[in-house]
Amino acid sequence: MLLWILGFTLLGSLGAIFCAGLFLTFPHSVRKLLTPSLMSFATGTLLAAAFLGMIPAALELADGYQVSASVLAGIILFFVVEKLILWRHCRDRDCDPHERAGPLILIGDAVHNFTDGVVIAAAFLTSVPLGIATAVAIIAHEIPQEVSDFAILLESGFERKRALLLNSLASLTAIPGALIAYFWLAQVSAAVPYVLAISASSFIYIAAADLIPTLQRQHNPASSVRQFIMIIIGIAIIGWVNTLA
């Protein structure tokens, strides 16, 4: 089980970095066209992993009211944390929260990937198919996120090679997150459903608060249809993986 967890954690962290680096080699016009599709696919995978995988698995292990309360508490928690971060680093009224300094991006990415490692470990400790579905959702979300992070680092004055190295190091924090979660959750199995519930709330919050509002900025019919198709494809892939459970 530990090998499954470490393998997919590495795939989720370094795999996303590799795909993002490869994506940045494309011409700007191609990247501009593909980015909304990647974000749409990520939206579908995140929502499907939460509603079709993590929450049902948590409900099999704990009381439904407690699981629902944990999901709700998680969404409120992530809202408050994001507000505090924006208040701390974005006090200017005209500040764009997505245009943060390079070092802040690296710190935030390291913490985020540590959490991803915990999520993957908790999912695999529930079932292997749920772990695979969760890792796929994380990879799908991380690719457009890493593309954005690369762009901010380059705009902050980082050289391309240095940005790639530092982003890769930040991604490797997923490994200690997975290891800590594996040994802790294996001993305290009663915590697994609530970790899954909080993890599901983070997926829901990212999709609903960050990705979907960005997608809604495009109003033309053709882009809307592409977004809808990619969301459905993301849901279908995660749904298919979950049926293996």
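Using per-residue counts of other Cβ atoms within 10 Å, averaged over each peptide, order 25-33, 169-177 from highest down. Kindly include the intermediate steps, with their values, before the conclusion.
Values: 25-33: 10.3, 169-177: 20.4.
In decreasing order of mean packing, 25-33, 169-177 become 169-177, 25-33.
Ranked highest first by the average count of other Cβ atoms within 10 Å around their residues, in what order do 50-59, 2-11 fall? Provide the component values of the computation, followed by the final result.
Numbers: 50-59: 23.2, 2-11: 18.4.
Going by the mean number of other Cβ atoms within 10 Å, highest first, we get 50-59, 2-11.
Could you give the length gained by full extension between L84 and L34, i.e. 0.36 nm per residue of separation minus their alpha carbon distance, to one decimal place? Write down the numbers at each step before the final one.
Working: separation 50, 0.36 × 50 = 18.00 nm, distance 3.17 nm.
My answer for the length gained is 14.8 nm.
State, to one decimal in nm, how far the label point of M1 lies from the label point of L59, with both points 7 Å from Cα in the Cβ direction.
2.4 nm
What whole-number distance in Å separates the alpha-carbon centres of the stretch 13-53 and the stretch 160-218?
Cα centroid of the stretch 13-53 versus Cα centroid of the stretch 160-218: 15 Å apart.
Only the coordinates and a few stated rules stand behind these numbers; no lab work does. Everything numeric in this text was worked out from a predicted model, so none of it was measured. Quick reminder, even Gly has a Cβ in these numbers, built from the backbone with ideal geometry, and neighbours come from all protein chains shown.
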